[in-house]
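Since the structure comes first, as structure tokens, the remarks are kept for the end.
The values are calculated or read from the model by the stated rules, or taken from the named source; none is laboratory data. Bear in mind that the values here come from a model prediction, so they are computed numbers and not experimental data. All Cβ positions, even for glycine, are placed from backbone atoms using ideal geometry, and neighbour counts span all protein chains on display. Surface areas here come from the heavy atoms of the whole protein model, side chains and all, with no ligands, DNA or RNA. Shrake-Rupley method; radii C 1.70, N 1.55, O 1.52, S 1.80 Å.
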Amino acid sequence: MAFSEKLLFVPPPVEVSGRRVKRYHVTADPAGIEPGIEKAAYALLPELLPAPDGTPPATFVVLHRGGDSGAYLNVYSWVWDNVLHFAGAAAGQPALDCPDTDPTHFVPTGRPWIGCVWELPPVLHERDAWVRHMLAPDAPDLDGYVLDSLPAGTTGDRP
């Protein structure tokens, strides 16, 4: 089967456990991520966040609905001023030690994998946005960072 890009949706940011969370959803379905999958993923999110360390509390997540029974939650949190902390969870993917094929039954993966080709485009954008709003200015602008998201569209074929 030939590779094709997926759709990228950008829901509004939310606050979870005192952290500002930017959200990206990846799926081939034009209707977006199923609500039950989204609800289950975000219910697990607090367990995947790092402890506060003095860095402005910002996180971005990529929720990906696979083409099979799988769903994946990648959680990237800024720590140590300029470092990304990663934690991930999966649902419905027995190959990743999920207990069943239910795409709403998320479990932490414990793997060091940071994302597949469809999940990585937001990482580059978020690196640049963190530098632009938090590191380069004389004073960090967390609100500016949170409002600076990769535009919705597709996961690739971007200028």
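What to note about this one:
- Region 73-98 residues near the modelled ALA136 label - backbone nitrogen below 20 Å, point 7 Å along Cα→Cβ: 78-79, 81-84
- Relative to the longest principal axis of the Cα atoms of the chain, the long axis of helix 35-44 makes an angle of roughly 60 degrees.
- Where the chain is the region considered: accessible area per residue in Å², 1.4 Å probe: 51 Å²
- DSSP beta bridge pairing in region 2-136, given as percent antiparallel to the nearest 5: 75 percent
- Simple spin-label estimate for ALA152 and CYS116 in nanometres, 7 Å along Cα-Cβ: 2.3 nm
- Pairs of Cα atoms farther than 22 Å apart, region 59-159, %: 38 percent
- Take the Cα of ASP143, step 7 Å toward its Cβ, do the same at PHE86, and the gap between the two points is 3.3 nm.
- Counting only DSSP H runs of at least 4 residues, each contributing -39500 (n - 2.57), and dividing by the residue count of the chain, the helix-based mean residue ellipticity at 222 nm comes to -4500 deg cm²/dmol.
- Stretch gain in nm, segment PHE3-LEU124, where the contour uses 0.36 nm per residue and the Cα spacing is subtracted: 41.5 nm
- Backbone N under 17 Å from the ALA31 label point (7 Å along Cα→Cβ), restricted to region 94-138: 103-104
- Seen against the Cα atoms of the chain and their longest principal axis, helix 121-130 is set at about 10 degrees.
- Cα centre as origin, Lys/Arg/Asp/Glu Cβ charges: region 55-153 dipole, Debye: 160 debye
- Taking only protein heavy atoms and a 1.4 Å probe, the accessible area of region 1-110 is 58% carbon and sulfur.
- Whole-angstrom gap from region 1-63 to region 88-129, using each part's C-alpha centre: 10 Å
- Cα Rg over Rh - region 25-70, Kirkwood: 1.07
- Protection proxy ranking for 89-98, 38-47, using the average of other Cβ atoms within 10 Å per residue and placing the highest first: 89-98, 38-47.
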